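Asks: The following block contains the structure, expressed as C-alpha cells.
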Amino acid sequence: MIKTIQTTPFDDQKPGTSGLRKRTRVFMQPNYLENFVQSILLELKETGGNSLVIGGDGRYYNHKAIQTIIKMALANGIEHIHVAKNGLLSTPAASHFIRKYGISGGIILSASHNPGGIDEDFGIKFNTANGGPAPESVTNSIYYKTRNITHYLIADIPDIDMDSMGTAQVLQGTIHVFDGIYDYVQLMEALFDLARIKELLENGFSLRLDAMNAATGPYLKAIFQDRLNMGEETLLRCIPLEDFGGIHPDPNLKYAASLVKSVVEGHSASSPDFAAAFDGDGDRNMILGREIFVTPSDSLAILAANATLAPGYRAGLKGIARSMPTSQAADKVAEQLGIPCFETPTGWKFFGNLLDADLVTLCGEESFGTGSNHVREKDGVWAALFWLNILAVTRKSVKELVQGHWRRFGRNYYSRHDYEAVDTSLAQAFMKRSEELLPSLNGNTVFGLAVKTTDNFSYVDPVDHSMTQRQGIRIVFEDGSRVVFRPSGTGTQGVTIRLYLERYETPHGNLSLHTQEAVQALVNWTEHVFDLRKSLHKTAPDVIT
Ligand code: VG1
Ligand code: CO
C-alpha cells in the first residue's frame, strides 16, 4: 500500500519570502512537488508533528497537489490530516485553524497574488504549529533536505473525496474534511462589532468588496451576505476560479485599477463610501474610500491609532511591527502611544516571534499586508472589517479619517516602483555595486537631500537572536525621508527590483501633494547616485503602487 519512489534532487527548491513559488509546469514535472513535500514532511516528523492542515487558494493544480500531499502525509505516518472542503482555504484561515485546533503544521498551496493557470504560477507555503510561516531555520532545513533527497513515500490509494465534510480512517491515519470558512468567520465575529457595522451599512453607507476571483469570495459571502445582509452588488468577483479569470489577483493600483477608478477617481453619487480588494490567498488587502486610496503603510498606522474602537483590541496594543521598507507612519503612532515599534525584514515569518512573545499586537507591510495577533499571517478580510468597525464607530468618511490622521501625525508620502523580470546577473551586479557605494554617500548632499545613514539592512530577532543579513539597501535622509531597494523573493522570472520611496511631511507641511510628485526628488536622487534604470536596462518602472 505504501510505495517508496526513488528520486533525485532539484537544485532550485529554496523557499523565498513566502514559500516555494515557480511556474505551474515546473511543479508538474515528475517528482518536483513530491520532493519538496517529502522534505516538509520529514521536517514535520523530526519536530514531533503528527497532524497537518492542507488547503489552497483554488488555483489550477490545487486539487491534484492536495491529493498527492494527502497520500504522502499518510505514507509518512501523519496521523491526523485535515483537508479543507473543496481544497479551499485562505492563508489567514489556515493560520487560525492550526492555532485553534493545536495542529502541528499546515501546507498552503498558493502563489498568492501571482496569476494562476497551467502557464502561470503555483506555490507551496509551509506553516508551523504557531500558525505562522516557517521561520528561516525551518525553511533552511527543508531546503537542505531537498538537496539530499533520495526517495519519497506515497500511499497507493484512490483519491480522497474532499467535496463533502466528514472523517475517514485510511491506512494508519484519519482524514478530516472540514469547512474552511466556519472557524474563520467565528473569529471575525469575536473581534469586531458586526452589529455596529450592520447598522452603518443599513444607514446608507455603501460598500464594494472585490475578491478578484480568488480565495476570499466564500468568506466575504459568509460575512457580508449571510451575517450582514448585504446585497450581491456589494460583492465583486466572489467565485474562486482556477485561473482567477485570467487576471492578477493582486489588490493594488495596477491590477485592481477598475475598482480604484470607480471609487477614487471617477467617483460619483453612486460610488461606494468604502471599498476593498483582496489577493489570491486572502492575506492581502487594499483599502479605498471615496476619493482616496489608503496606502498600506498608512492603513497600519491608522488602524493602530484607532484600534481600541474595535472590541478585539479594546485593551490596547502591546507594540507594532512593520517590515523595513514599510513607511514610518506607524512609528509615529507607536511613539505617541508609548509602545515599541519593531522593524523587521520583508516577509510575515519575521513577525511570528514578536507576536508569540506578546511584544506586538499589530503588524504590517507596505505590500498590502496588515494583520494582528489574532493569527500569524496577514489577513485581508480582517483588515476590511477593522476599517469598517472604526468607520462605524467614528461615523467619519475614509477621507476624513486619513486626512485627520495626517494632520495629527504628519504624512509619509510613499510609493513603490517595481522593475520586473530583470536579467539575474544585471540585478546582482547592480545590488553589489550599490552596496559598495554606500560608505561614500554618508554626509553627502545631492539635490538638496542630505544623507544621514546608509546600510544593507540586517536584523537580529529580539526573541531568538537569530540574525538575517542583507535585507535591502537603505538610505535615510536628514529630514526622515528614505530610499530603499531590494530584490524580491517571490518572483518566478528573472529578478524584480523593488524601489521604495518615502518622504515625510510634518502636520504643518503640504499634506495634499500627488504622491508621485512628492517622491520625485527621491527618484531623481536615486537615478543620479545609483543609475538604477540604466543598470537594470529599463526606461521606467513596470508597476507603481
Ligand atoms: C512580497 C512582498 C512582501 C510579502 C511577500 C509575500 O515579497 O514584498 O512584503 O510578505 O510578497 O506576500 P517580495 O520578496 O517579492 O518583495 V504573499 O501575499 O505573496 O504571500
Ligand atoms: Co497573499
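Quick note: the coordinates plus some simple rules give every number you see, no bench work behind them. As the structure is a computational prediction, the values presented were derived from the model and not from experiment. Cβ atoms come from the backbone with ideal geometry, glycine included; neighbour counts cover every protein chain shown.
Asks: 5 Å is the cut-off here: which amide hydrogens, built 1.01 Å from N in the peptide plane, fall below it relative to T326, excluding neighbours closer than 5 in sequence?
Replies: Answer set, sorted by chain and number: E366.
Asks: Hydropathy first: keep DSSP H helices in the chain averaging at least -1.0 on Kyte-Doolittle, then drop any whose Cα extent along the axis falls short of 24 Å, and list what survives.
Replies: The qualifying helices are 424-441.
Asks: Also, I was wondering about something else. In region 54-160, what % of DSSP beta bridges are antiparallel (nearest 5)?
Replies: 55
Asks: For the chain, what does -39500 (n - 2.57) per DSSP helix run (n ≥ 4), summed and divided by total residues, give at 222 nm, in deg cm²/dmol to the nearest 500?
Replies: -9500 deg cm²/dmol
Asks: Based on the alpha-carbon set only, what is the convex hull volume of the chain divided per residue, in Å³?
Replies: About 140 Å³ per residue, rounded to a whole number.
Asks: Looking at the chain, send over the antiparallel percent of its DSSP beta bridges, to the nearest 5.
Replies: In the chain, DSSP labels about 70 percent of beta bridges as antiparallel.
Asks: Now for a separate question. For D163, D121, D379, which order do you get if you count the other beta carbons within 10 Å of each Cβ and list the fewest first?
Replies: Exposure proxy ranking, most exposed first: D163, D121, D379.
Asks: At a 10 Å Cβ-Cβ cut-off, how would you order C341, C363, fewest neighbours first?
Replies: Arranged by neighbour count, lowest to highest, C341, C363 become C341, C363.
Asks: By count of other Cβ within 10 Å, fewest leading, how are L89, L74 ordered?
Replies: Fewest-to-most Cβ neighbours within 10 Å comes out as L74, L89.
Asks: Do any trypsin sites (Lys or Arg not before Pro) in region 300-339 lie in a DSSP loop with no more than 15 other beta carbon atoms within 10 Å, and if so, which?
Replies: Hits after loop and neighbour filter: R314.
Asks: Residue by residue through region 248-254, what is 3J(HN,Hα) from phi via Karplus (6.51 cos²θ - 1.76 cosθ + 1.60, θ = phi - 60°)? Round to whole Hz and write x for glycine and proline.
Replies: Per residue, the Karplus-derived 3J(HN,Hα) values read 7, x, 10, x, 9, 5, 7 Hz.
Asks: Can you list residues from other chains, or at least 5 along the same chain, whose modelled amide H is less than 5 Å from the amide H of A111?
Replies: When sequence neighbours closer than 5 places are left aside, the close amide H contacts are G123.
Asks: To the nearest 20 debye, what is the magnitude of the charge dipole of region 2-180 about its Cα centre, counting +1 on the Cβ of each Lys and Arg and -1 on the Cβ of each Asp and Glu?
Replies: On the way: 16 positive and 16 negative charges, 47 e Å.
About 220 debye.
Asks: Does a label point 7 Å from the Cα of E242, set along Cα-to-beta-carbon, have any residues of region 106-124 with amide nitrogen under 17 Å, and which are they?
Replies: Inside the label zone: 109-111, 115-123.
Asks: Sticking with this one: Between D161 and T394, what length in nm is gained on full extension when 0.36 nm per residue of separation is reduced by their alpha carbon distance?
Replies: Here the segment from D161 to T394 would lengthen by 79.1 nm.
Asks: What are the residues whose amide H is under 5 Å from the amide H of A277, where those residues sit 5 or more places off or on another chain and H is modelled from the backbone?
Replies: D210, M286
Asks: Taking R0 as 56 Å, what's the FRET efficiency between Q29 and S440 from their Cβ-Cβ distance, rounded to 0.05?
Replies: Using R0 = 56 Å, I get an efficiency of 0.75.
Asks: Would you compute the Debye intensity of region 184-409 from its alpha-carbon atoms alone, equal scatterers and no solvent, and pass along log10 I(q)/I(0) at q = 0.13, 0.14, 0.15, 0.17 Å⁻¹ to two decimals?
Replies: -0.70, -0.82, -0.95, -1.25
Asks: To continue, here is another question. Give the percent of DSSP beta bridges with both residues in region 2-180 that are antiparallel, rounded to the nearest 5.
Replies: DSSP beta bridges in region 2-180 are roughly 60 percent antiparallel.
Asks: Evaluate Rg over Rh across region 398-545, taking Cα atoms for both radii and Kirkwood's formula for Rh.
Replies: Rounded to two decimals, Rg/Rh equals 0.99.
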